[in-house]
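Everything on this sheet refers to the single structure shown next.
Just so it is clear, none of the values below were taken in a lab; they were calculated from the coordinates. Model, not experiment: these values are computed from the prediction. As a convention, Cβ positions derive from the backbone with ideal geometry for all residues, glycine included, and neighbour counts pool all protein chains shown.
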Amino acid sequence: MSARRLPSVGVTGWEFPRAAAGVRHLVGWAERAGLRAEPLLVGTGLARDDLDRVGTVTAAQELQVARALARRAPHAAADVGRRYTAESFGVMGWAITSSATVGDAADVALRFIDLSFAFVLPVVRLEGDRVVAELDASALPADVRRWLLVRDTTTVATVLDSLVPGGVGVVISVEGDGATLAFPAAELDRPLVRDRGADRAAAEAACLGLADQHRDLPPTTADVRVLVAQRVRDGAPMGQVAAALGMTERTLRRRLAAEGTGYREVVDQVRSGLAAQLLAVGLPVADVAARLGYAEPAALTHAHRRWTGRAPSSCRSGR
């Protein structure tokens, strides 16, 4: 990328669904500090064992865990932030570490920031010979605002400095509800030490594929899909999902209708997507049916024919 051009972040707010690895990171830090996981998960609808099973959480679920941790460890935000690495961010981390230069890494991180666990989104610009990132936490709930501001600012600085030997010379200033992060613009051109087989194009394509899954969805539909996926083994009762969103079933129906869909349609979309993934890796049809909350394989077979026109057995790996 040009040292004279920096992209805007790829989303406008923090309410995007996110990988469950973000919650696992917070809970893992707490457990290493001698804190129990269960109190951190109160109000999320998640149990400790769920964290190794679910792939995605809503922003509200991760926010609740961060709030609980901030209450129990109010001065730990910077230390939590220092424990992140580029690899903590999954596919986005792959794209960062396969970048050619610090500038390329910053480019992909900004464009796909919704594949991170950030709550405070940076606005980045060039000021003379410096790169300056401003982080404004004022839109976050007051009780966790400062904690997340420090955590996120520290995370950005930590990951940036990890990209090249000796770091890029990040300087942080935190004041009130905002923070500033700055480093010399010349650092954008520094090459990263990459694995010989690093493939930035493949990593970026994977990022785009993941981001597109939720960027094109209206907000309620996006959250419902996440919560349905977490509860699909138990049939994803609408009452449970509505309660997790803090609304009645009637309100949820109205919100989804306004977004052009319905609850059963969302459940079908989640089930069909998961079925395709599970069948593709060769899982037996009976096991897939159980994981998707069907009482018997015949129910999955009927649904799968409706979705695809084919029996699920025809979609298993090797067929």
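A few notes on this one:
- For Arg305 and Arg32, the difference between the fully extended length at 0.36 nm per residue and the C-alpha to C-alpha distance is 93.5 nm.
- Computed from the Cβ-Cβ distance with R0 of 30 Å, the FRET efficiency linking Ala201 to Glu134 stands at 0.45.
- On the principal axes of its alpha-carbon atoms, the range 18-208 has extents of 45, 39, 27 Å, going from largest to smallest.
- Our coupling estimate for the range 87-104, obtained by passing each phi through the Karplus curve with A = 6.51, B = -1.76, C = 1.60 and θ = phi - 60°, is 5, 4, 9, x, 4, 5, x, 4, 5, 5, 6, 9, 6, 7, 9, 4, x, 5 Hz, Gly and Pro reported as x.
- Helix 219-231 and the longest principal axis of the C-alpha atoms of the chain enclose an angle of approximately 60°.
- Sorting the segments 35-47, 139-151 by their residues' average number of neighbouring beta-carbon atoms within 10 angstrom, most packed first, yields 139-151, 35-47.
- Packing-based order for 214-220, 49-55, 155-161, using average beta carbon neighbours within 10 Å, highest first: 155-161, 214-220, 49-55
- Among Cys315, Cys207, the ranking by other beta carbons within 10 Å of each residue's beta carbon, starting with the fewest, stands as Cys315, Cys207.
- Taking only the C-alpha atoms of the range 52-98, Rg followed by Dmax gives 13.1, 37 Å.
- Rg to Rh quotient for the chain, alpha carbon positions, Kirkwood Rh: 1.00
- Going from the fewest other Cβ atoms within 10 Å to the most, the residues Ser173, Ser88, Ser313 appear in the order Ser173, Ser313, Ser88.
- The range 207-247 - Rg and Dmax from Cα coordinates, angstrom: 11.4, 33
- Dividing the mean sequence gap of close Cα pairs (under 8 Å, 6+ apart) by how many residues the chain holds gives a relative contact order of 17 percent.
- Net charge in the neighbourhood of Leu208 (other residues with Cβ under 11 Å of its Cβ; Lys, Arg +1, Asp, Glu -1) is 0.
- Couplings 3J(HN,Hα) of the range 248-257, computed from phi: 7, 4, 4, 5, 4, 4, 5, 5, 5, 4 Hz, in residue order, whole Hz [Karplus 6.51 cos²θ - 1.76 cosθ + 1.60, θ = phi - 60°; x for Gly and Pro].
- About the Cα centre, charge dipole magnitude for the chain (Lys/Arg +1, Asp/Glu -1 at Cβ), debye: 920 debye
- Theoretical gain in end-to-end length, Ala286 to Asp177 [0.36 nm per residue, Cα-Cα removed]: 34.0 nm
- Residue exposure proxy: Ile96, Ile113, ordered by other Cβ atoms within 10 angstrom of their Cβ from fewest to most, comes out as Ile113, Ile96.
- Structure remark: mean-square fluctuation, Gaussian network model of the chain, C-alpha springs under 10 Å; the largest value among Ala290, Ala76, Ala95 belongs to Ala290.
- Furthest towards positive pole of dipole, Ala203, Tyr263, Thr220, structure part the chain, Cβ charges: Tyr263
- Using R0 = 51 Å, the C-beta based FRET efficiency linking Met247 and Glu127 works out to 0.70.
- Dividing the convex hull volume of the alpha carbon atoms of the range 217-315 by its residue count gives 91 Å³ per residue.
- Per-residue ³J(HN,Hα) for the range 289-297, Karplus 6.51 cos²θ - 1.76 cosθ + 1.60, θ = phi - 60°, Hz, x for Gly and Pro: 4, 5, 5, 8, x, 8, 5, 8, x
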